[in-house]
Amino acid sequence: MKNKKRPVLYSCVAHERGPKLPKKVQYMRKMWMDVCEKNPDCVLYDPQQHTIEEILELYTNSVFCLQPYGDTKTRQAIFDSIAMGCIPIVHWDSLTYYSMHLPDPRKVAVLVHAPLQNAVLSAVEAARNLTQSERDKLQDELLKVLPSITWSFSPPEFRDALTVLLEKLYL
């Protein structure tokens with residue numbers, strides 16, 4: 001995965017959701033989208049304008065994926081980007097619900113610690129300043145956690161998301 005050429009430094013797949021979301025969440029999503037739009041190294045896709053295949057290809061070609069809140073604090077796109085080897089840039093609490101699958105989110109993501117635009121910009125800049133070795137390490141960790149965040153029919157020694165969940169609940 002780390003040897004794959006990724007010509008896009010950052011990407012963001014998001015659109016404004018409209019009145020269904022609380023105003024604070026709408027504002028925060030727009031703020032993340034604005035950060036991407038203003039950054040020449042970032043590609044912004046509106047998921048309503050692109051197929052899932054195009055979105056997954058964008059993730060595959062991106063080093064980092066900005067992941068603003070979805071309808072809830074978590075969003076499927078975080079896991080889509082991880083599966084494609086794209087290092088997510090997320091608000092710190094977006095991954096707290098998945099502690100059994102991602103015990104240390106700092107090993108697989110760049111975390112934003114405040115909802116302010118400056119915090120998002122700081123995280124984007126911090127990601128840019130990671131060395132290639134640090135990026136490779138994050139992508140290696142993505143590979144390690146991938147089985148624990150995906151569901152599959154697999155041999156017993158393969159610990160997919162369902163196995164991890166059942167182990168945590170019953171062992």
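Glu57 fulfils the conditions (1) at pLDDT 95 or above; (2) open to solvent by 40 Å² or more (accessible area, probe 1.4 Å) except for a single criterion, (1). Comparison of Ala127, Ala123 shows that the only residue that is under 15 Å from the mean Cα position of the chain (by Cα), within 27 Å of Val25 (Cβ to Cβ) and at pLDDT 90 or above is Ala127. The residue of segment 60-72 that is modelled with the lowest pLDDT, among those that are over 27 Å from Thr131 (Cβ atoms) and crowded, with 16+ Cβ neighbours inside 10 Å, is Gly70.
Looking at Arg17, Arg29, just one residue is more than 29 Å from Ser133 (Cβ to Cβ), touching a residue at least 12 places away in the same chain (Cβ under 8 Å), out of contact with any strand residue (DSSP E or B) (no Cβ under 6 Å at 6 or more places or on another chain) and open to solvent by less than 20 Å² (accessible area, probe 1.4 Å), and that residue is Arg29. Pro22 - would you say it is touching a His at 6+ places or on another chain (Cβ under 9 Å) and over 22 Å from Glu134 (Cα atoms)? Judged against the criteria, Pro22 is not a match. The set of residues in segment 98-137 that are in a helix (DSSP H, G or I), open to solvent by less than 40 Å² (accessible area, probe 1.4 Å) and under 16 Å from Asp80 (Cα atoms) contains only Pro105. Considering segment 10-92, the qualifying helices (runs of 4 or more DSSP H), each wholly inside and each with 1 or more residues that are among the hydroxyl-bearing types (Ser, Thr, Tyr) and under 12 Å from the mean Cα position of the chain (by Cα), run over 52-60, 76-83.
The values are calculated or read from the model by the stated rules, or taken from the named source; none is laboratory data. Computed from a predicted structure; not experimentally measured. Methodologically, a virtual Cβ is constructed for each residue, glycine included, from the backbone with ideal geometry; neighbour enumeration extends over all protein chains shown. The protein model used for the area step is the full one, side chains on, heavy atoms only, and it has no ligands, DNA or RNA in it. Shrake-Rupley method; radii C 1.70, N 1.55, O 1.52, S 1.80 Å.
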